[in-house]
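Remarks on the structure that follows.
The values are calculated or read from the model by the stated rules, or taken from the named source; none is laboratory data. Nothing here was measured: the structure is a model prediction, and the numbers come from that model. Reconstructed Cβ throughout: ideal geometry from the backbone, glycine too, with neighbour counts over all protein chains shown. Surface areas here come from the heavy atoms of the whole protein model, side chains and all, with no ligands, DNA or RNA. Shrake-Rupley method; radii C 1.70, N 1.55, O 1.52, S 1.80 Å.
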Amino acid sequence: MSLNMPISRRLFVSGAAAVAAGPLLVRGNSLPAGAFSLGVASGDPLPDGVVLWTRLAPAGGSMPDRPVPVEWEIAEDEHFRRNRRHGVVTAVPAFAHSVHVDVRGLRPDAVYHYRFRAGGQQSPVGRTRTAPAERARPGHLRFAFASCQDYQAGFYTAYQHLTREDLAFVAFLGDYIYESAANPGAARQHEGTGEPYSLAEYRNRHARYKTDPDLQAAHAAFPWVVTFDDHEIDNNWADEIPQDPDLQTPEAFRARRVAAFQAYYEHMPLRRSSLPRGLDMQVYRRLRFGSLAGLHVVDTRQYRSDQPATLAAAQDPALTMTGPEQERWLVRGLETSETRWNLLANQVMWAQNDRQAGPAQSFDFDNWDGYRAQRRRLLERFGSGRVANPVVLTGDRHCTWVADLRPDFDDPSAPVVGAEITGTSITSGGNPDVAAFHAAYDPIMAESPHWRYIDNQRGYVVCDVTRSAMTSSLRIVDTVWAQSASVRTAAKFVVEAGRPGIAEVTQEPATLAARRWEGPRFEVHDDENAFPLR
Ligand SMILES: [Fe+2]
């Protein structure tokens, strides 16, 4: 947590002079080298503001156990001259010397540069961008979404390319860290041997991820809008229920959730409204990009019912993915957004996802397939005529899965009410076996008319939103098992305004499609079970 303090001109003149002159800064001096080893980030852009983040975590030693003043500055140019704003916040040990500055008074739809100073050291410069004014009518919005960046599964080659895109923001849809244990056969190793349970262990896991230079560059290039899924805490957790209730007592899991939430807040560019309170952390929220697009960020973990065990149980109307309060918030927000497009930053798949060919069916009940009555209720709202152009953006699946959404997926005569674009993963799942994936899933796709495109390679999705259409480009890297990779657009998915569902899928020529990876192979612990259940 950072405590905002009014800035005194006497203490903060400009540039390096202030570092020598300010008594506050002299007192806060001398930190071990590499204080900004975790990089910088910004997030949740508003028309007049953005959150700036860093955490003091010296590469060359540990932080002193006392509050440390941190200067921040932001300006429209990289020399920090035009429309500069600045201040001092205090990074405190209780929040791992993390800093969250909610800067306001900025110009809408403008690029800014920002940096921090502490203990005589200066952070790298980050670049960010505010949202268009609420009443503005921008003709174009380009952003990217990504998810699932298991550190052990591979290198962040996708972020090398994402950083070079021209984006208003990045939406991250969950599995920012994985709580998994060490895997000596993996492409690279994170810290520790077992799963994190304590605050110190979750902090170390987050810090290890944040040391990655490609991830740091992607944060420094654009504001991010983040939400968590399961692996930030525990695989497939649901509200106060862990993955394995036989192994974690309710008290132990609640303590684990508190620790994981605090570490998550400490490492993300979140606004103070997301500061954890007791067992809870408010992450569902809305952002708006003029009259063009609303982004409804949902939380499908913290308030959900435990996963059902059978298809019959999955029909229970009492089961909820969001909790009643968030469901009301979502419906109200969708129906009153006044934006051309309504985008959901969502974790797990909405579209029905049978994983068995032939008449038998099997489902992953951690997805919306396990919460069918609520899904139907919400999709009927999508089709009510009161929600403008809903498109669900999804993570979790470690595959690309593009689908038309229908209130009843088993009834081909049910109306299409929206589109879902499930993006692939940054690394999770490692390098794919494309042929085996298609051998397994193409027969199921033939029985699933709402599936419009499937693929299991690594990458991210870039979305171009205009008043008439939303075009999503699937950007695929050729490897995550090397330090660098090339990228290509494997497919594009068009949604037309006023016409629910996927209007058009264009795929790259087969000659450009993925070749089998011929380099070294690594072990992958893929929780997502990309292959059909047998
Ligand atoms: Fe994942």
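Structure summary
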{"item": "Any hit, segment 134-141, residues being within 16 Å of the ligand (Cβ to nearest atom) and out of contact with any helix residue (DSSP H, G or I) (no Cβ under 6 Å at 6 or more places or on another chain)", "result": "no"}
{"item": "Out of Phe145, Phe155, sole residue that is within 16 Å of the ligand (Cβ to nearest atom), of a type in the set (A, V, I, L, M, F, W, C) and outside the structural domain of Met63 (by TED's automatic domain parsing)", "result": "Phe145"}
{"item": "Among residues of segment 382-416, those that are among the aliphatic types (A, V, I, L, M) and open to solvent by 10 Å² or more (accessible area, probe 1.4 Å), counted", "result": "4"}
{"item": "Subset of segment 348-363 [of a type outside the set (Phe, Trp, Tyr) and in contact with a Lys or Arg (Cβ under 7 Å, 6 or more places away or on another chain)]", "result": "Met349, Ser362"}
{"item": "Odd one out for Phe409, checked against (1) of a type in the set (Phe, Trp, Tyr); (2) in a loop (DSSP other than H, G, I, E, B); (3) farther than 19 Å from Ile502 by Cα", "result": "(3)"}
{"item": "Filter result (among the polar types (S, T, N, Q) and within 15 Å of the ligand (Cβ to nearest atom)) within segment 158-182", "result": "Ser180"}
{"item": "Sole exception among (1) at pLDDT 90 or above; (2) over 22 Å from Gly185 (Cβ atoms) for Thr479, by number", "result": "(2)"}
{"item": "Residue within segment 342-352 that is closer than 27 Å to Asn235 by Cα, aromatic (Phe, Trp, Tyr), within 16 Å of the ligand (Cβ to nearest atom) and open to solvent by less than 30 Å² (accessible area, probe 1.4 Å) present", "result": "no"}
{"item": "Among the candidates Val461, Val465, residue that is within 16 Å of the ligand (Cβ to nearest atom), part of a strand (DSSP E or B) and in contact (Cβ under 8 Å) with a residue 24 or more places away in the chain", "result": "Val461"}
{"item": "Those residues of segment 287-331 which are open to solvent by 70 Å² or more (accessible area, probe 1.4 Å) and either assigned to a helix (DSSP H, G or I) or outside the structural domain of Arg271 (by TED's automatic domain parsing) (or both), in sequence order", "result": "Gln315, Pro324, Glu325, Arg328"}
{"item": "Pick from segment 379-406, criterion assigned to a loop (DSSP other than H, G, I, E, B) and among the aliphatic types (A, V, I, L, M), ranking: farthest from the ligand (Cβ to nearest atom)", "result": "Ala388"}
{"item": "Residue count, segment 424-457 (criterion: closer than 18 Å to Ala403 by Cβ and not in a loop (DSSP other than H, G, I, E, B))", "result": "14"}
